[in-house]
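The values are calculated or read from the model by the stated rules, or taken from the named source; none is laboratory data. Predicted, not measured: the structure shown is a model, and the values here were computed from it. Glycine also receives a Cβ, built like all others from the backbone with ideal geometry; neighbour counts cover every protein chain displayed. When the accessible area is computed, the model is the full protein with side chains, heavy atoms only, and any ligands, DNA or RNA have been set aside. Shrake-Rupley method; radii C 1.70, N 1.55, O 1.52, S 1.80 Å.
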Amino acid sequence: MTKYGSFPGARPRRLRTTPAMRRMVAEHRLHPADLILPAFVREGISEPVPISAMPGVVQHTRDTLRKAAVEAVEAGVAGIMLFGVPEDAKKDAAGTAGTDPDGILQVAIRDVRAEVGDDLVIMSDLCLDEYTDHGHCGVLDAGGRVDNDATLERYAEMAQVQADAGVHVVGPSGMMDGQIGVVRDALDQTGHEDVSILAYTAKYSSAFYGPFREAVGSSLQGDRKTYQQDPANLRESLRELALDLEEGADMVMVKPALPYLDVLAKIADAVEVPVAAYQISGEYAMVEAAAEKGWIDRDRAILETLTGIKRAGANMILTYWATEAAQGL
């Protein structure tokens, strides 16, 4: 053995020497078409309303939503997920504003479709929580619990009015048993066979939703632990996945993203349909707050989190940084 024999022959660092080298051997690459922009549109406002817990994110007017959609198209973003925020006076126990053809979400869908046509995949939140005075994702029974089957009937109505408004994809997010099958039937029976369903397959009862509640003006009383998933469970997600696929889901999603990368990876390995992950409000707020304090590099943190989600198996990422990240990419 020579005096050089103790040095390593294999040196992985050789492939990290320059930016060009690292770029050439990168295993995963973010692209603007991977990104979907969640956006809130609020009824009865003349100027955008900043969301205090989500710096840089607003409740849009109809006009500023149109502009945000155009900006997303220009940046190469794939889609936009719309959430409606009705006037408080229009909330009731059944969430009727959610199925009103002239409700804020349906109006917003028509606005965006008129503005960008098919250049952006227009998605809609199919859930009652924004429209109920109790803030739950469904109608309540006499005991104050969410009535699964009565809620499914409301979801069928929502699917029809959203599809009539011109949406490309509906996103049933309430975690009711059987929701995908009921929504698929409702769409097919009303001539909307081409409208896709993005199933919120694994939606956990998470502590990271807090800022979102402000964003949609939530009236939630209590919690959603009886219908959203327990953060302790993984196999349960695979059962939900099997049911959603059997019922006709075109795409599936994991929400939140970063605390559930293991779930995302398991689901991505198990399916042949596209897989989405939702980088939710609390994930966004943590990065923005830490960056504001000077504790982390904001731009690097954004790209690192998005890359981690893609590396775990997401084909699509819903993120409030969608347009900004796409412009940077």
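For region 108-127, a residue qualifies if it is open to solvent by less than 20 Å² (accessible area, probe 1.4 Å), of a type in the set (A, V, I, L, M) and over 14 Å from GLN160 (Cα atoms), and the qualifying residues are ALA108, VAL112, VAL116, LEU120, ILE122. Would you check if VAL170 is assigned to a helix (DSSP H, G or I) and buried (at least 20 other Cβ atoms within 10 Å of the Cβ)? Spelling it out, it is not the case that VAL170 is assigned to a helix (DSSP H, G or I) and buried (at least 20 other Cβ atoms within 10 Å of the Cβ).
Quick check: is even one residue across region 282-305 open to solvent by 10 Å² or more (accessible area, probe 1.4 Å), out of contact with any helix residue (DSSP H, G or I) (no Cβ under 8 Å at 6 or more places or on another chain) and closer than 19 Å to GLY76 by Cα? Looking for residues that are open to solvent by 10 Å² or more (accessible area, probe 1.4 Å), out of contact with any helix residue (DSSP H, G or I) (no Cβ under 8 Å at 6 or more places or on another chain) and closer than 19 Å to GLY76 by Cα, one finds none in region 282-305, hence no. With the condition kept exactly as written, say whether any residue in region 131-149 is of a type in the set (Asp, Glu) and open to solvent by less than 10 Å² (accessible area, probe 1.4 Å). Scanning region 131-149, I find no residue that is of a type in the set (Asp, Glu) and open to solvent by less than 10 Å² (accessible area, probe 1.4 Å), so the answer is no.
With a requirement of 1 or more residues that are open to solvent by 80 Å² or more (accessible area, probe 1.4 Å) and closer than 30 Å to LEU140 by Cα, the strands (runs of 3 or more DSSP E) lying completely within region 1-96 that satisfy it span 35-42. Applying the criterion of being small (Gly, Ala, Ser) and over 21 Å from VAL169 (Cβ atoms) to the residues of region 264-281, the residue that is least open to solvent (accessible area, probe 1.4 Å) is ALA265.
Residues that are farther than 21 Å from LEU198 by Cα and aliphatic (A, V, I, L, M) occur in region 70-77; there is at least one.
Answer yes if at least one residue in region 118-136 is closer than 17 Å to VAL170 by Cα, part of a helix (DSSP H, G or I) and among the β-branched types (Val, Ile, Thr), and no otherwise. No - not one qualifying residue is present in region 118-136. Taken together, the criteria place GLY84 among residues that are of a type outside the set (Val, Ile, Thr) and touching a Ser or Thr at 6+ places or on another chain (Cβ under 9 Å).
Within region 7-44, being out of contact with any His (no Cβ under 8 Å at 6 or more places or on another chain), modelled with pLDDT of 95 or more and β-branched (Val, Ile, Thr) holds for one residue alone: ILE36. Picking from TYR131, TYR155, which residue would you name as being among the hydroxyl-bearing types (Ser, Thr, Tyr), in contact with a Lys or Arg (Cβ under 8 Å, 6 or more places away or on another chain) and modelled with pLDDT under 95? Of the residues listed, the single one that is among the hydroxyl-bearing types (Ser, Thr, Tyr), in contact with a Lys or Arg (Cβ under 8 Å, 6 or more places away or on another chain) and modelled with pLDDT under 95 is TYR131.
Given the structure, is ALA53 under 30 Å from ALA290 (Cα atoms), among the small types (Gly, Ala, Ser) and modelled with pLDDT under 95? Yes: the conditions hold for ALA53.
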